[in-house]
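A quick write-up on the structure given underneath.
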């Protein structure tokens, strides 16, 4: 009997050892531990037998390849560019839709569906449109469609932050190929907005016939690929549009697969099941980077994260308390821990890649000063606070570290873990005392970069400071670039001074491609232009 | 027998009503505003209010519940808040995938679990038995998403034999089926073993041996048939679990299943999807339970007579009857 038990014990141990060995050699799928995983990941093609069924030369495109398969991390609910604000939907949209103008690599606005334009006065712009462009349903693209699209943009709650200045009543087609764009007030970011993927041109006739919901599930644009099929939860298929006016793409079919799990996207990319994996989690970067068959395309996002403080609620309605909280944070360590070294400490209120960025921070790390300020504010024995966080890894880590650091000055933090729906509601009801947030910045313009600051916004910052709104309005309505930079510089200084919220990080982001994909550059908007894809 | 079936079907109606009521109430009182979630942080309060009105979210609990119930009775499960597609369309797009996976996983679990359990029982305390039991223990304790990841790393990344995700052909089913069924295989193995061990010690088995019956016949005809009732119960439960509970595996293998649809629905406060999904799963559970009860009767004539009696007067539940059947 005892002998049998010993045998089974031994067997069990062998099993466990075998499994752990498997677990180790399987690389750093779950963890980002550099030591053992790094070895297998960086192994040369000869050493690590990790190479898959892929053919020998790494960068060569598989023979006869005429499709592009890319994996999104979330399924868009609609592809109507004016009915959502999700980067996944816009990524698919880069193949289906086009915009009036585009921005080239050096930042100049270049003609696209519009051939030329002219500014008549502060609020009037006239665009001449191409006359050889057709929609996927074969109908001609006209100024009527352009006016329809932009008016839609000005009225939809999803895109009013970009196109809300457009006057829906006065914007109209002058003739079939001339669009007169009227603004309600001067709007400096207009061209940035028009050149971004948010300003997509869609077919008036198709959308009105199908209805806005059905159109979003079977969109009609002017781009090089047209919509083919949407298998709910699984994939969206596109096929080449034969009547495309411009240069055709190197692929005839495009498939957007929905692979929510980050490491699953990475594995699929490594095995060659997909060509591009969007939004790779930090833990997979190293493996994708060192794999000779894949390329990591990383860069700094145009969005930033911040620690929201509620200015309409005790104790954070007191400037001294807010500053005490800011001084108590060792930003360098906080950001390094939470973002695994893939983010810079945010030293201002929008990303450095956006016009007019000015380094104003970060707040100094000084626990003594923080304690003194807290006492001065009337809380010598500390204070209790709630901190809201969503259940993703970065936010949870931030919350833990913040709790620890604020604890050192006597602020007792109660962490509340909530899901997106709860957080969104609390936040917009003004009931969120403190939280880490990372809203998506819609375009590379300070007006969008500062999108959390308008006074009418319902999120829980609730600063109620008219001076901020005045500066925002001024910046928005000033066309001269130098003047704009000065205005936004003043605003960043002012926000730093008031400390209504604490900037946290400028995070990096990355997508991965197979080595034979070239031409696809990192986009700070995290919406790469898939029409750039070339096969090696 | 037929009366029993009809009666059972009628009895599922209050159960389903209860399920609808509970899930509706739970969703109603959960934090989070679907209208705000759809429109995002950028929307103005007026816009959110307008959408809430449009979606009927401002009506009282009773109004909303009655409206939903009327819809369900007419076969209309509502419209998904996010995609604006009918809930029935959304569910029907996912159900076949989930159902296929559940069937394959259960079949796989039966094919492996029952033979392994029988061998373990017949060769009790042998090395084979010990290995099987350790493996079964692993199957139960190992998180199956972890197994899923290990499988992908091994078969997709290292060997390159199997596709890592999706469900676009027979090869794609192999890893999901193995990882989803790991728990079922283990549970069925253990149940088969213990149930067989109990039966093998019975007097009638000794009698069968004494009269010179071949060992194969003893095991399969006399022992297994009598040991089958609790095994069937376990199989039924495992099948039901895989129907709604394979969410994590669906995530790892990027499979558009029902579980994933519902979890997304909960996250987005997409009430119609969640309610519809739960309702469909509840219906399938009910059908499955009925089917298993009927299977008992097929396997064990004693239970069949009980059903015939109980169709006149339903007193003892089939499961209790099954328990009695085994412990005899």
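The values are calculated or read from the model by the stated rules, or taken from the named source; none is laboratory data. In this text, all values refer to a predicted model and were calculated from it rather than measured experimentally. All Cβ positions, glycine included, derive from the backbone under ideal geometry; neighbour counts span all protein chains shown.
Only one of these is crowded, with 18+ Cβ neighbours inside 10 Å, modelled with pLDDT under 95 and either within 30 Å of residue A:243 (Cα to Cα) or more than 14 Å from every other protein chain (Cβ to nearest Cβ) (or both): A:149, A:159. Name it. Show your work before the answer.
On the way: A:149 fails: modelled with pLDDT under 95.
Sole residue among the options that is crowded, with 18+ Cβ neighbours inside 10 Å, modelled with pLDDT under 95 and either within 30 Å of residue A:243 (Cα to Cα) or more than 14 Å from every other protein chain (Cβ to nearest Cβ) (or both): A:159.
Among the listed residues B:41, B:59, B:31, identify the single one that is outside any helix (DSSP H, G or I), free of Cβ contacts under 8 Å to residues at least 60 places away in the same chain and over 30 Å from residue A:451 (Cα atoms).
Of the residues listed, the single one that is outside any helix (DSSP H, G or I), free of Cβ contacts under 8 Å to residues at least 60 places away in the same chain and over 30 Å from residue A:451 (Cα atoms) is B:59.
If residue B:212 satisfies all but one of (1) in a helix (DSSP H, G or I); (2) at pLDDT below 90, what's the number of the condition it fails?
In the conditions (1) in a helix (DSSP H, G or I); (2) at pLDDT below 90, residue B:212 misses (1) alone.
Scan segment B:29-41 for residues that are surrounded by fewer than 21 Cβ atoms within 10 Å (Cβ to Cβ) and out of contact with any strand residue (DSSP E or B) (no Cβ under 8 Å at 6 or more places or on another chain) and jot them down.
Across segment B:29-41, the qualifying residues are B:29, B:30, B:32, B:33, B:40, B:41.
Quick test for you: out of A:433, A:446, pick the one residue that is more than 14 Å from chain B (Cβ to nearest Cβ), over 24 Å from residue A:336 (Cβ atoms), modelled with pLDDT of 90 or more and under 23 Å from the mean Cα position of the chain (by Cα).
Working: A:433 fails: under 23 Å from the mean Cα position of the chain (by Cα).
Checking each option against the conditions leaves just A:446.
Out of curiosity, is residue B:197 modelled with pLDDT of 90 or more, touching a helix residue (DSSP H, G or I) at 6+ places or on another chain (Cβ under 7 Å) and surrounded by fewer than 18 Cβ atoms within 10 Å (Cβ to Cβ)?
Numbers: modelled with pLDDT of 90 or more: yes; touching a helix residue (DSSP H, G or I) at 6+ places or on another chain (Cβ under 7 Å): yes; surrounded by fewer than 18 Cβ atoms within 10 Å (Cβ to Cβ): yes.
Criteria met by residue B:197.
Tell me, yes or no, whether segment B:166-181 has at least one residue that is in contact with a strand residue (DSSP E or B) (Cβ under 8 Å, 6 or more places away or on another chain), crowded, with 18+ Cβ neighbours inside 10 Å and under 22 Å from residue B:244 (Cα atoms). Talk me through it step by step, then tell me what you get.
Step one: filter segment B:166-181 for residues in contact with a strand residue (DSSP E or B) (Cβ under 8 Å, 6 or more places away or on another chain), giving B:166.
Those still in the list that are crowded, with 18+ Cβ neighbours inside 10 Å too: B:166.
In the following step, the residues that additionally are under 22 Å from residue B:244 (Cα atoms) were identified as B:166.
For segment B:166-181, residues in contact with a strand residue (DSSP E or B) (Cβ under 8 Å, 6 or more places away or on another chain), crowded, with 18+ Cβ neighbours inside 10 Å and under 22 Å from residue B:244 (Cα atoms): present.
Being touching a helix residue (DSSP H, G or I) at 6+ places or on another chain (Cβ under 7 Å), at pLDDT 95 or above and surrounded by 15 or more Cβ atoms within 10 Å (Cβ to Cβ): is that true of residue A:71 here?
In short, yes.
Name the residue, out of B:160, B:166, B:139, that is modelled with pLDDT under 90 and assigned to a helix (DSSP H, G or I).
Criteria check complete, one pass: B:139.
Show me the helices (runs of 4 or more DSSP H) found entirely inside segment A:317-424 where at least 1 residues are over 20 Å from residue A:499 (Cα atoms).
Values: elements: A:319-327, A:331-338, A:367-376, A:393-407.
Those helices (runs of 4 or more DSSP H) span A:331-338, A:393-407.
If we keep just the residues of segment B:144-171 that are within 21 Å of the chain's Cα centre (by Cα) and touching a residue at least 60 places away in the same chain (Cβ under 8 Å), which is farthest from the other protein chains (Cβ to nearest Cβ)?
My answer is B:144.
For segment B:62-85, how many residues are within 14 Å of chain A (Cβ to nearest Cβ) and either out of contact with any helix residue (DSSP H, G or I) (no Cβ under 9 Å at 6 or more places or on another chain) or part of a helix (DSSP H, G or I) (or both)?
Summing the residues that are within 14 Å of chain A (Cβ to nearest Cβ) and either out of contact with any helix residue (DSSP H, G or I) (no Cβ under 9 Å at 6 or more places or on another chain) or part of a helix (DSSP H, G or I) (or both) in segment B:62-85 gives 0.
Quick one: how many residues across segment B:25-54 are more than 9 Å from chain A (Cβ to nearest Cβ) and more than 33 Å from the chain's Cα centre (by Cα)?
Residues in segment B:25-54 being more than 9 Å from chain A (Cβ to nearest Cβ) and more than 33 Å from the chain's Cα centre (by Cα): 6 in total.
So residue A:304 ticks every box in (1) surrounded by fewer than 21 Cβ atoms within 10 Å (Cβ to Cβ); (2) under 27 Å from residue A:447 (Cβ atoms) but one. Which box is left unticked?
(1)
Determine whether segment B:89-102 contains at least one residue that is away from every other protein chain (no Cβ under 11 Å) and under 18 Å from residue B:197 (Cα atoms).
The answer is no; no qualifying residue exists.
Taking the stated definitions as given, is residue A:364 over 30 Å from residue A:486 (Cα atoms), surrounded by fewer than 18 Cβ atoms within 10 Å (Cβ to Cβ) and more than 14 Å from every other protein chain (Cβ to nearest Cβ)?
No, not satisfied.
If a residue must be out of contact with any helix residue (DSSP H, G or I) (no Cβ under 9 Å at 6 or more places or on another chain) and either modelled with pLDDT of 95 or more or under 17 Å from residue A:405 (Cβ atoms) (or both), how many such residues does segment A:369-393 contain?
Going through segment A:369-393 one residue at a time, the tally reaches 2.
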